[in-house]
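Let me begin by presenting the structure, written as structure tokens, before commenting on it.
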Amino acid sequence: MRDTTIDILLDIGIPAGVKGFGYICDAMELFEADAYYQEGKICLLYSEIAKKHNTTSSRVERAIRHAFETAVTKGNQEMVDKYLDKLNTQNSNLLRTLYLRKQQNEHRKSTEVSMCHSDYCALKQQIYLEAVDKLSEEMELMLSKVMQNIKENQAVN
């Protein structure tokens, strides 16, 4: 979980050295652990992170805001567009958007992996071969009927 968040934040363009970087990682872990924070209890989220780092909630809020501002103004805009909302840049919205889009991305990856396992590929190949065999049989039958019609027409002429 934390590794994925770190990769995303680096891709977005948030420098790893800013305090907000670590605080955002902590926030994503808290979102994952307790849905209570996702529902808009951001002040409590800041307090929880502040306790962990022996600082104040306002410093946590400011550091997260600074990290997101850096990403939005100087970061990789393609990745910012993928993971953040540039219209509503409040911390609470950006944290929720980042979490939800990260979850979507992980879900897509897990779906892609499950769709490409060997049993699935073997089943897909079997279905394809059966369809080709059936089509081949029908084409042979149709071709023999066409040939028979041609012979009958030649016999009549």
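The values are calculated or read from the model by the stated rules, or taken from the named source; none is laboratory data. All of these numbers come straight from a predicted model, not from anything done at the bench. Here the Cβ is made from the backbone with ideal geometry for all residues, glycine too, and neighbour counts use every protein chain on show. Quick note on the areas: whole protein, heavy atoms, side chains included, nothing else; ligands and nucleic acids left out. Shrake-Rupley method; radii C 1.70, N 1.55, O 1.52, S 1.80 Å.
Brief remarks on what is shown
- Magnitude of the charge dipole, the chain, Cβ model with Lys/Arg +1 and Asp/Glu -1, debye to 20: 860 debye
- 21 Å Cα-Cα reach of Lys145 towards lysines, excluding residues that sit fewer than 8 places from it in its own chain: Lys134
- Our summary gives the chain a relative contact order of 21 percent, counting only alpha carbon pairs under 8 angstrom and 6 or more residues apart.
- For Thr56 and Asp81, the difference between the fully extended length at 0.36 nm per residue and the C-alpha to C-alpha distance is 6.0 nm.
- Cross-link partners of Lys51 among aspartates and glutamates (Cα-Cα below 19 Å; sequence separation of 8 or more within a chain): Asp26, Glu29, Glu32, Asp34, Glu61
- 0 to 90° range, to nearest 10: angle between helix 42-53 axis and the chain longest Cα axis: 70 degrees
- With a threshold of 27 Å on the Cα-Cα distance, the over-threshold entries among Lys41/Lys74; Lys102/Lys124; Lys52/Lys82; Lys52/Lys74; Lys19/Lys102; Lys19/Lys74 are Lys41/Lys74; Lys102/Lys124; Lys52/Lys82; Lys52/Lys74.
- Solvent-accessible area of Met147 with every protein chain in place, 1.4 Å probe, in Å² to the nearest 10: 90 Å²
- Per residue, the solvent-accessible area of the chain (1.4 Å probe, heavy atoms of protein chains only, all protein chains present) comes to 68 Å².
- FRET efficiency, 1/(1 + (r/R0)^6) with R0 22 Å, evaluated for Asn88 and Ala16 via beta carbons: 0.30
- Computed from the alpha carbon atoms alone, the convex hull of the chain holds 187 Å³ per residue.
- Amide hydrogen neighbours beyond the local backbone of Gly13, cut-off 5 Å, H modeled: Asn76
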